[in-house]
Amino acid sequence: MKRTIEAWHKFRGLSAHSRSLILEAAVALVATWVGLRVVGFRRWKVVLGWFAPERVRCVRTADSAVLGAGRAIARFQNAAARHLFLPTNCLERSLVLCWLLERRGIGARLRIGARKQEGRFEAHAWVEVDGTVLNEAAEPHLHFAPFEKPITSLETKTPWDLRMKQDAIKGVAEER
């Protein structure tokens, strides 16, 4: 309870702009948590793209002010994730961070890497701006081999996919 009260006091002490960014991140994290489970990775990325206006997108730049702004956005987004009522994973946090950066005209790249450790396949997601990782204090991404091409083929099947497949099969059967 004491931690919650302290966090609330810190939140109230932030500027209105910072508070709105944290609230935007929290809402996006919850929506992404649900969206990935309902429609899957590829479709959720498209949905997020609808809410990142084209007019504010910019080219990648190595400007230190842009990197500083990106790091600040990442800190606020991580704070929102830490205090959320549901646990988020690196993919959810990275998708939301990319979206937050794009909405503010910062060109970011979602990176996903994989490794095999002790016989298990593991994956990790992170965000880069001009090769600089924004959403990790340490460097766990160095232990993962990043995919160089888009990974839409790795999408898991959702109830939506299964329904679409069933409708397609039904349509073919009706045509016969």
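The values are calculated or read from the model by the stated rules, or taken from the named source; none is laboratory data. Please read all numbers here as calculations on a predicted model, not as lab measurements. Glycine also receives a Cβ, built like all others from the backbone with ideal geometry; neighbour counts cover every protein chain displayed.
I'd like the full set of residues that are outside any helix (DSSP H, G or I) and either touching a strand residue (DSSP E or B) at 6+ places or on another chain (Cβ under 6 Å) or without any contact (Cβ under 8 Å) to a residue 12 or more places away in the chain (or both), limited to region 1-48.
Within region 1-48, MET1, LEU14, SER15 meet the criteria.
Consider GLY68 carefully, then state whether it is at pLDDT below 90, in a helix (DSSP H, G or I) and over 29 Å from GLU122 (Cα atoms).
yes
One line per residue, one yes/no per condition, for (1) surrounded by 15 or more Cβ atoms within 10 Å (Cβ to Cβ); (2) modelled with pLDDT of 85 or more; (3) closer than 20 Å to LEU21 by Cβ:
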{"site": "ARG60", "(1), (2), (3)": "no, no, no"}
{"site": "GLN77", "(1), (2), (3)": "yes, yes, yes"}
{"site": "GLU102", "(1), (2), (3)": "yes, yes, yes"}
{"site": "ALA108", "(1), (2), (3)": "yes, yes, yes"}
{"site": "VAL127", "(1), (2), (3)": "yes, yes, yes"}
{"site": "GLU136", "(1), (2), (3)": "yes, no, yes"}
{"site": "LEU142", "(1), (2), (3)": "no, no, no"}
{"site": "GLU148", "(1), (2), (3)": "no, no, no"}
{"site": "GLU155", "(1), (2), (3)": "yes, no, no"}
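Quick check, is THR32 among the polar types (S, T, N, Q) and at pLDDT 90 or above?
Yes, satisfied.
Kindly indicate whether any position in region 81-96 is of a type in the set (Phe, Trp, Tyr), buried (at least 18 other Cβ atoms within 10 Å of the Cβ) and within 30 Å of GLU6 (Cα to Cα).
The answer is no, given that none of the residues of region 81-96 is of a type in the set (Phe, Trp, Tyr), buried (at least 18 other Cβ atoms within 10 Å of the Cβ) and within 30 Å of GLU6 (Cα to Cα).
Can you pull out the residues in region 31-43 that are β-branched (Val, Ile, Thr) and within 12 Å of ARG93 (Cβ to Cβ)?
If the condition is that a residue be β-branched (Val, Ile, Thr) and within 12 Å of ARG93 (Cβ to Cβ), then THR32 is the only one that fits.
Please give the number of the condition GLY13 fails out of (1) small (Gly, Ala, Ser); (2) crowded, with 20+ Cβ neighbours inside 10 Å; (3) modelled with pLDDT under 90; (4) farther than 13 Å from VAL127 by Cα.
Every condition holds for GLY13 apart from (2).
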